[in-house]
Amino acid sequence: MRSAIERAGRGTIALALALAAGAAFAQKRPESVKDPLAGLSAYVPSVHVSGVIRVSGSPQMGELLHLYEEGFRRFQPEVRFEESLKSTVTAVAGVYSGRAEIGLVGREVWPEEVQAFAKAKGHPPLAIEVATGSYDVPKATFALMIFVHASNPVASLSTEQLRRIFANARPASARSLRRAATVSSTLDKGVAAIVAPTLVLAGELDRVVPPTVTLAMAGRIRGADAVLLPAIGHVTAMQAPEVLARHMVRFLNPAGVDA
């Protein structure tokens, strides 16, 4: 049943799926939200297809996928979808292994995934961005959603207020306490013996290794360059790669000399 779809081309199918979904979004989108497809021509199918489109990848994007499917089926009613949304790591592999026509990725595609795809298919994957990440930081980690009871007297919170709340959080679960004790005891073993120039970056919102612990470690390393990164959590390389790169370049090349 997939033959008609495969003749149309998988890249074409993925793009058409995104464009056709605009009709579904138009009905559900608040008037205050700008239409992201406003500059594109209305989708008109050049050929009618039938069969199955298989999708693998991120379960967190399942609701978004269902909107796409709803819009697409208005133009291609003889198409049905099969979903295997187990994890983002199955998205790209699912496509180049032939188990899916579309990979639903909840992050940027990793270089290793691009290489594996190109090795298997002879060309890089076609990537279509349909979401940008967190509320106010494009391409960042998943946005947090705060739910409160209907009787809660707080009507709203700003992003800055939320940042301060999370920054002041002190996890007190048994697991958190054990982790803190393990980290602290590890830092006491040999950290002061480090003599090489050392850069220590502490995320202000890091709940895995609290910034107080990281900065305390830096204080035991002679001459360490310690930096507290505002509004950043535990995985700096994913949450703020530009910030990480800037500090590394500054530390490795303090004179700013071109290589």
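The values are calculated or read from the model by the stated rules, or taken from the named source; none is laboratory data. Remember, predicted model here, so these are calculated numbers, not experimental data. As a convention, Cβ positions derive from the backbone with ideal geometry for all residues, glycine included, and neighbour counts pool all protein chains shown.
On the given criteria, is S151 farther than 21 Å from V55 by Cα, at pLDDT 80 or above and not assigned by TED's automatic domain parsing to the domain that holds H66? It is true that S151 is farther than 21 Å from V55 by Cα, at pLDDT 80 or above and not assigned by TED's automatic domain parsing to the domain that holds H66. Using the structure shown, decide if A174 is modelled with pLDDT under 75 and either aliphatic (A, V, I, L, M) or not assigned by TED's automatic domain parsing to the domain that holds R107 (or both). So A174 passes the test.
Taken over region 57-74, residues that are within 7 Å of L85 (Cβ to Cβ) and touching a helix residue (DSSP H, G or I) at 6+ places or on another chain (Cβ under 8 Å) amount to 2. What are the residues in region 67-89 that are exposed (fewer than 14 other Cβ atoms within 10 Å of the Cβ) and assigned to a helix (DSSP H, G or I), if any? Listed by number, the list holds a single entry, R74. Can you name the residue in region 95-120 that is among the charged types (D, E, K, R), modelled with pLDDT under 90 and part of a loop (DSSP other than H, G, I, E, B) and, of all such residues, is farthest from H66 (Cα to Cα)? By that ranking, first place goes to E108.
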